[in-house]
1. Consider ALA217 carefully, then state whether it is part of a helix (DSSP H, G or I), more than 18 Å from the chain's Cα centre (by Cα) and of a type outside the set (Val, Ile, Thr).
2. Return a yes/no flag: does the range 194-202 have any residue that is open to solvent by 70 Å² or more (accessible area, probe 1.4 Å), out of contact with any Lys or Arg (no Cβ under 6 Å at 6 or more places or on another chain) and assigned to a loop (DSSP other than H, G, I, E, B).
3. Does TYR120 count as under 26 Å from LYS241 (Cβ atoms), buried (at least 16 other Cβ atoms within 10 Å of the Cβ) and at pLDDT 75 or above?
4. Please work out which residue is farthest from LYS85 (Cα to Cα), limiting yourself to the range 110-128 and to residues that are touching a helix residue (DSSP H, G or I) at 6+ places or on another chain (Cβ under 6 Å) and not in a loop (DSSP other than H, G, I, E, B).
5. Filter the range 220-251 down to the residues that are of a type in the set (Val, Ile, Thr) and modelled with pLDDT of 80 or more, then identify the one that is farthest from the chain's Cα centre (by Cα).
6. So if I check each of ILE12, ILE64, ILE42, which one is among the β-branched types (Val, Ile, Thr), open to solvent by less than 50 Å² (accessible area, probe 1.4 Å), outside any loop (DSSP other than H, G, I, E, B) and at pLDDT below 75?
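The values are calculated or read from the model by the stated rules, or taken from the named source; none is laboratory data. Everything quoted here is computed from the prediction, not taken from an experiment. Cβ sites come from the backbone with ideal geometry, for glycine too, and all protein chains shown count toward neighbours. All accessible areas refer to the heavy atoms of the entire protein, side chains included, with ligands and DNA or RNA removed. Shrake-Rupley method; radii C 1.70, N 1.55, O 1.52, S 1.80 Å.
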Amino acid sequence: MKKLTISLLILISAITLGGCQSATTDGAFFHDYFVNPFAYLIHEIGTFLGGNFGLALIVITILIRLILLPFMLRTYKNQQEMKVKMDVMKPEMSAIQKKIKETKNKEEQQKLQQEMMQLYQKHGVNPLNMGCLPLIIQTPILIGLYYAIRSSTEIADHSFLWFNLGEPNIAMAVIAGIVYLVQSRVTLIGMTPEQQKQMKILGLLSPVMIFIFSLNAPSALPLYWAAGGAFLIVQTLIGKKLYAPKAVEKEAKPAK
């Protein structure tokens, strides 16, 4: 499972880097089919809203998140179900992993690896069902919107609320950082104390990076991050309410 996770992360990184390299090049696939459509939407929706391009940016961000919502909720459901199954098979899995570490015989290791796969099948755990597909899908979409924001002259020349969208704004940088800090805390709800301890430090990386990057970026970007982060908070709460209790109840029956 670790190798699979690394492979998927490499794939996502390749998509991200490829998008970044062609995002500002006219005629490039990513620029023409991801950046330009979002730039067009920003112009059209902003014009429809009377030149309020800040509100247009929020509307587009929410629309994208709404489109991705069914995929993300499905992912959350799969992750919760897998988590419960993994908790049940953990004693058997730990025993096999210990044997794999202790033995130096390659044939014995292969036999134990087969036992591990049989254990997955026994408990209905599919290592491929990790829910990374929505992440792969949304990555180029969000990168396209990001570069559309950066290249939009209309956003750069307009204000929203108290700030100019094209200039850095410390208050918006703070708001974006706080929103993602709250989002990281909401993600911890329902986790065991041990899992929360492991995730707390990791959860600080995103808000800190967003805050630091927002300090020198056009304030339209932290506005976009704040709107997206606020939606993620609601999405996470919905996912936990819809699926976490059902997953626990579902696994409680075979445990008896």
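1. no
2. No - not one qualifying residue is present in the range 194-202.
3. Against the criterion (under 26 Å from LYS241 (Cβ atoms), buried (at least 16 other Cβ atoms within 10 Å of the Cβ) and at pLDDT 75 or above), TYR120 does not qualify.
4. Taking the candidates together, the pick is LEU112.
5. Applying the filter and picking the extreme gives ILE238.
6. The unique qualifying residue is ILE12.
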